[in-house]
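A short worksheet on the structure shown next.
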Amino acid sequence: MRNIFLFIRRYFNFVFFVVLQVAALYILFHYNKFHEAVFSNVANELTGNIGGKYNNVTYYFHLKKTNDDLAKENEELRNKLLSNFERPDTTQKMMQDSIPYDTLGHHRKYLYREAKVVNNTVSLPNNTLTIARGENQGVQKNMGVIGPTGVVGVVINTSANYAVVMSLLHRQSKVYASLKKTGETGYVFWDGNSPLYITLKNVPKSAPLAKGDSVVTSQYASYRFPQGILIGTVMDIVDDKTSSFYTVRLKPATNFFNVQYVTVVENLVKDEQAKLEEETNKINQ
Amino acid sequence: MSDLVRNTIRFVLFILVQYYVLFQIRPLHQFVVPYVYYLYVLWLPFSMGRMSLMLVSFLFGLTLDYFTQTPGLHAAACVMIAYLRGFVVNILIPQEGAEQNYKSPSPVSMGWAPYAVYVLVLTLLHHIYLVFLEWLQFGSFLFFLGKVVATSGISLMLVLITELLFFRKEKFRTNTA
């Protein structure tokens, strides 16, 4: 027994080193699996705060670009307004609609919340953004995030006033996409090489594809994103003779180098969908 | 300025510079990531025990990790160089007990050549371990090798610039005074 104590005392430094290493590695691998970590809520709040202060300064330098983007988005939205379209009136008589509610059962599916980006990385192997809107302001894990020009990512962690978003430039990011022209579906991920490109896979070669084609979110991604949000445009097509599927390099629609404002998308009926799918899975087993 | 105050200020500055300046630079290439934050660990005083050295390094690495959302990654690398620092210093110090005469490792206290070796060895160890942990999750051997070499090169350049810009005057201390 005494020898054991002597041994521990002699090599105490080494033992302490191993303990700290194990602690660090445990946090690292635990975090990457479940997106949660020790004190991550408190730390989020703190780093988010510092990020907010820093952003107050850098925000100023991007004002012009941000303004351009927002103006362009406004223009696009204005073009979609119903009042832009005129229908020739063919009715002969004015009638008062007597039914007070919409009989077609229209209900709201997506709710949008604006948020400011306070922290952003593009040069790491797993890139994230921090936004200044958290649980208290209605942001929850797994919500989709879009920017003025296209898809940004998915919320992976939240605290009271901040949330961390996994951007498309993240190793674990995967978004179901479809070609805007013909509707063939596939998925978009990042291979970790260059932040200037993302990769689209699983689109069958039967689909006509050309440089510059738009790739948008597919209906299968509707759990998080509305259908038809731009993800990127085709930069070049890798010719893989062994596969009957395309591997395509895309230029992301969102410029991750200067994203300033994003919109968090909440799917109000996702619980219903998830519940139904889960019940069905149980029956099938 | 006492050692505690000085090192606390350095702690904050190194984290902020690393995250808000170096990590915000547009990536030149996937292999090139400019790291300079670990210089904090190399600059800690000789008088600290190995245990407290490791503890401070762990906290330092973890703080950076919470900014980059990779808890544990930098902490593990920092703890390793903190542990190995003592051995490297012991080999490189020009004469027995010379570390008693100066406060912390610097070109003045150790001499330019031994100090350069000290920085080189610990930089390589730090990057090899850091990139190895990344490599476990993805990538190929070429990625590992290329990233270690490229990142070490750029880090050594940054360390040199830092040493020249912030030249630390080290007072020679003796028992006779």
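The values are calculated or read from the model by the stated rules, or taken from the named source; none is laboratory data. Note that the structure is predicted; figures quoted are calculated from it, not measured. Quick reminder, even Gly has a Cβ in these numbers, built from the backbone with ideal geometry, and neighbours come from all protein chains shown.
What to note about this one:
- Where strands (runs of 3 or more DSSP E) fall wholly inside region A:118-176, the ranges with 1 or more residues that are within 13 Å of another protein chain (Cβ to nearest Cβ) are A:128-131, A:151-158, A:163-167.
- Region B:7-37 - residue that is more than 18 Å from B:Asp65 (Cβ to Cβ) and at pLDDT below 90 and, of those, surrounded by the fewest Cβ atoms within 10 Å (Cβ to Cβ): B:Arg26
- Residue in region A:236-258 that is in contact with a helix residue (DSSP H, G or I) (Cβ under 6 Å, 6 or more places away or on another chain) and more than 14 Å from chain B (Cβ to nearest Cβ) present: no
- Residue check for A:Leu77: modelled with pLDDT of 80 or more and either within 14 Å of another protein chain (Cβ to nearest Cβ) or surrounded by 10 or more Cβ atoms within 10 Å (Cβ to Cβ) (or both): no
- Among (1) within 15 Å of the chain's Cα centre (by Cα); (2) touching a residue at least 12 places away in the same chain (Cβ under 8 Å), the one test that B:Met110 misses: (1)
- Of the residues examined, B:Val119 is one that is under 12 Å from the mean Cα position of the chain (by Cα), modelled with pLDDT of 85 or more and within 19 Å of B:Met157 (Cα to Cα).
- Residue in region B:76-86 that is outside any loop (DSSP other than H, G, I, E, B) and surrounded by fewer than 20 Cβ atoms within 10 Å (Cβ to Cβ) present: yes
- Some residue of region A:34-51 being out of contact with any strand residue (DSSP E or B) (no Cβ under 9 Å at 6 or more places or on another chain), outside any helix (DSSP H, G or I), at pLDDT below 80 and of a type in the set (Val, Ile, Thr): yes
- From the list A:Ser178, A:Ser214, A:Ser194, the one residue that fits, being of a type in the set (S, T, N, Q), surrounded by fewer than 22 Cβ atoms within 10 Å (Cβ to Cβ) and modelled with pLDDT of 90 or more, is A:Ser214.
- Residue in region B:65-79 that is at the interface with chain A (Cβ under 10 Å from one of its Cβ atoms), of a type in the set (Phe, Trp, Tyr) and touching a Phe, Trp or Tyr at 6+ places or on another chain (Cβ under 9 Å) present: yes
- Of the residues making up region B:92-103, none is within 11 Å of chain A (Cβ to nearest Cβ) and either surrounded by fewer than 21 Cβ atoms within 10 Å (Cβ to Cβ) or assigned to a loop (DSSP other than H, G, I, E, B) (or both).
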